[in-house]
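Okay, so here's the structure we're looking at.
Laboratory data are not the source of any read-out in this text; all were calculated from the coordinates shown. For clarity, every value in this text was computed on a predicted model and none was experimentally measured. Quick reminder, even Gly has a Cβ in these numbers, built from the backbone with ideal geometry, and neighbours come from all protein chains shown.
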Amino acid sequence: MKNIPYSKEHARFLRRRKQNLAVVWACRIGLLALLLGMWELVTALGWVDPFIMSSPSRIARTIASLYADGSLFYHIGVTLWETLAGFAVAVVLGFAVALALWWSETLRKVLEPYIVVLNALPKIALGPLIIIWFGTGSEAIVFMTVLVGIIVAILHMLSAFIATDPNKILLLKSMGASKAQILTKLVLPSSYPAVISMLKVNVGMAWIGSIMGEYIVSRAGLGYLIVYGGQVFKLDLVMSATFILCLLAAGMYALVVLLEKILVKNTER
């Protein structure tokens, strides 16, 4: 790519694009720094009680103390494993179920009302049953994560499969293509944007599911720290665990964006 000669106009466009990206990132970082600075200032001046709102400096000290006693990465590892496991199972199963529903219209008509009802069901209402079924270990939390994310995955992917251009499908059928060939040559490639969209949505759903599960039953994890901190009024611990959750969710989302760029680049080739 470096050896490709660009016209002056194209080079100017690329330069403006890089400058715009730099400005966007500078504004993002500046806005974050401004918000953190204002937060620290209002608590330091006593305008807001730091016991209730905590502060960036108190959060930093709490995270440092968790690191010092060796529990920080243990709790992060527990929640991260539960989230990633639930995310992976929800995405794979959701994709497979959506594929089966697209393949069989009869099956789709039978199951679609039940899927809609399950999507509307408050998952936390199943908490007592999940504890009875899976016990009080990580299995219950992973199941809750799967339960929260799988319906979203099914609905996203099924909508994308059904939205495939019917004229293109008719063209392939007229050329003698089988249903499997239509799926692999047309439906799946045209669903790449929906796959990425589903992954982005399910990143948030996976974290919601894992933390919801840890609220119900947990002995470790960031959700456990939030619950424990609220019970003993250690609000610095609550805010610290929440801050770490934000960082982890942002990192997971960034990986999905990176996957999107790789898929787009391979598709263009």
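So how far, in whole Å, is the C-alpha centre of the range 160-230 from the one of the range 232-256?
If you average the Cα positions of each part, the centres end up 24 Å apart.
Simple spin-label model, 7 Å along Cα-to-Cβ: Asn167 to Ser65 in nm?
Modelled inter-label distance: 6.6 nm.
Using only Cα atoms, locate the centre of the range 28-53 and the centre of the range 128-142, then give the distance between them in Å, rounded to an integer.
Each part reduced to its Cα centre gives a spacing of 39 Å.
Give me the aspartates and glutamates in straight-line cross-link reach of Lys200: C-alpha distance below 12 Å, same-chain residues under 8 apart excluded.
Excluding near neighbours in sequence, the set is Glu260.
Per DSSP H run of at least 4 residues, take -39500 (n - 2.57); add these up for the chain, divide by its residues and hand me the 222 nm value, nearest 500 deg cm²/dmol.
Numbers: 12 runs with 217 residues, N = 269.
Calculated from helices alone, the mean residue ellipticity at 222 nm is -27500 deg cm²/dmol.
Using Kirkwood radius over Cα pairs in Å as the read-out, say which of (i) 18.5; (ii) 22.1; (iii) 19.2 was calculated from these coordinates.
Answer by label: (ii).
With labels modelled as points extended 7 Å from the Cα through the Cβ direction, what inter-label distance (nm, one decimal) is found for Ser159 paired with Leu247?
My value for the distance between the label points is 3.4 nm.
Springs between alpha-carbon pairs under 10 angstrom, Gaussian network model over the chain: which of Ser104, Ser240, Ser190 fluctuates most?
It is Ser104.
Connecting C-alpha atoms closer than 10 Å in a GNM of the chain, tell me which of Thr106, Thr79, Thr242 has the biggest fluctuation.
Judging by the Gaussian network model, the answer is Thr106.
Could you run the Karplus curve 6.51 cos²θ - 1.76 cosθ + 1.60 with θ = phi - 60° over the range 167-181 and give me ³J(HN,Hα) per residue in whole Hz, x for Gly and Pro?
After applying 6.51 cos²θ - 1.76 cosθ + 1.60, I find 5, 5, 4, 4, 4, 5, 5, 5, 8, x, 6, 7, 5, 5, 5 Hz.
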